[in-house]
Amino acid sequence: MIRLNKYLSEAGVCSRREADRLIEAGRVMVDGVTAQLGMQLKEGQEVSLDGRPVQKSGKDKTVLLAVNKPRGIVCSEVSQGDDINIIEYLNYPKRITYAGRLDKDSEGLLLMTNRGDIINQMMRASHYHEKEYEVVTDRPFTDRFLQDLSAGVYLSELKVTTRPCRTERIGKRKFRIVLTQGLNRQIRRMCRELGFHAQEIRRVRIMNIRLGHLKTGTWRNVTEEELSELLYLLEQERSLSDAEQI
């Protein structure tokens, strides 16, 4: 037997967390009956999402896309009213979902895949995956501003202090920041706590995958070399995490 949320994740539908949301919303059926949170699947049971069958297949080729998400597109599996979500926007012929969100007003690199295991590993905050961004503020900033960002910022709304990070000045109002966590609207909140407004945020790298010269609104297949390196890095981090728990 296998938990339903794990089944959906391994089928490449979404992460386990997102699967629970879909189940709660009544969008998942098992043998024609609305699924319940935490339920276990027996071999041979039929699963569907929004009326479409969901099947696991070890023969499916890995899909991993590097997408340059435009501003205004929402990272969501669920319809957002007048807003277009990333699934609708790409209209990819196979079921894929995102590994790590970008908020509606941010742009840049987004990874989309049919591999639930990749999504689950990349979403684990304990793995300290690097994500690199270029940020434009509403006014010029001082070196002290970058030092404060690097040291960690207390986010009053979330009641948490961000992890130390790397920053680098690019211009009078533009800087580069490398984060190892993904709190909700983290960069915007960090800037706001220090008296600035992040006018533009563009993600340019996730671990070893770079945005490069990919045009806004387009995507490319991640190369075999990039995928191999990514899987190696994820495996190394998982091994380190397991060793720390022993």
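The values are calculated or read from the model by the stated rules, or taken from the named source; none is laboratory data. What you see is a predicted model, and the numbers here were worked out from it, not measured in a lab. Backbone-built Cβ (ideal geometry, glycine too); neighbour counts: all protein chains shown. When the accessible area is computed, the model is the full protein with side chains, heavy atoms only, and any ligands, DNA or RNA have been set aside. Shrake-Rupley method; radii C 1.70, N 1.55, O 1.52, S 1.80 Å.
In the range 180-223, which residue that is among the β-branched types (Val, Ile, Thr) and closer than 15 Å to Glu134 by Cβ is farthest from the chain's Cα centre (by Cα)? Don't jump to the end; show me each part of the working.
Pass one, the range 180-223, residues among the β-branched types (Val, Ile, Thr): 180, 187, 201, 204, 206, 209, 216, 218, 222-223.
Adding the requirement that they be closer than 15 Å to Glu134 by Cβ leaves 187, 201, 204, 206, 216.
Details: Ile187: 15, Ile201: 15, Val204: 13, Ile206: 9, Thr216: 18 Å.
Selected residue: Thr216.
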What number of residues within the range 99-117 satisfy the criterion of being closer than 16 Å to Lys131 by Cα and in contact with a strand residue (DSSP E or B) (Cβ under 7 Å, 6 or more places away or on another chain)? 10
Could you grab me the full set of residues in the range 93-114 that are open to solvent by 60 Å² or more (accessible area, probe 1.4 Å) and under 19 Å from Arg52 (Cβ atoms)? Pro93, Lys94, Arg95
Under 6 Å between Cβ atoms, at least 6 apart or on separate chains: pull out the pairs that start in the range 197-209 with a residue that is open to solvent by less than 30 Å² (accessible area, probe 1.4 Å) and end on any residue that is in a loop (DSSP other than H, G, I, E, B) and hydroxyl-bearing (Ser, Thr, Tyr). Ile201/Ser106
Among the residues of the range 148-177, which ones are in contact (Cβ under 8 Å) with a residue 12 or more places away in the chain and among the polar types (S, T, N, Q)? Ser150, Ser156, Thr162, Thr167
Please go through the range 138-188 and pick out each residue that is in contact with a helix residue (DSSP H, G or I) (Cβ under 6 Å, 6 or more places away or on another chain) and modelled with pLDDT under 95. Gln181
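Residues checked against (1) aliphatic (A, V, I, L, M); (2) touching a Leu at 6+ places or on another chain (Cβ under 7 Å):
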residue: Arg71; (1), (2): no, no
residue: Cys75; (1), (2): no, yes
residue: Asn85; (1), (2): no, no
residue: Arg95; (1), (2): no, no
residue: Asp103; (1), (2): no, no
residue: Leu109; (1), (2): yes, yes
residue: Met112; (1), (2): yes, yes
residue: Val135; (1), (2): yes, no
Has the range 118-125 got at least one residue that is open to solvent by less than 60 Å² (accessible area, probe 1.4 Å), of a type in the set (A, V, I, L, M) and over 20 Å from Ala19 (Cα atoms)? no
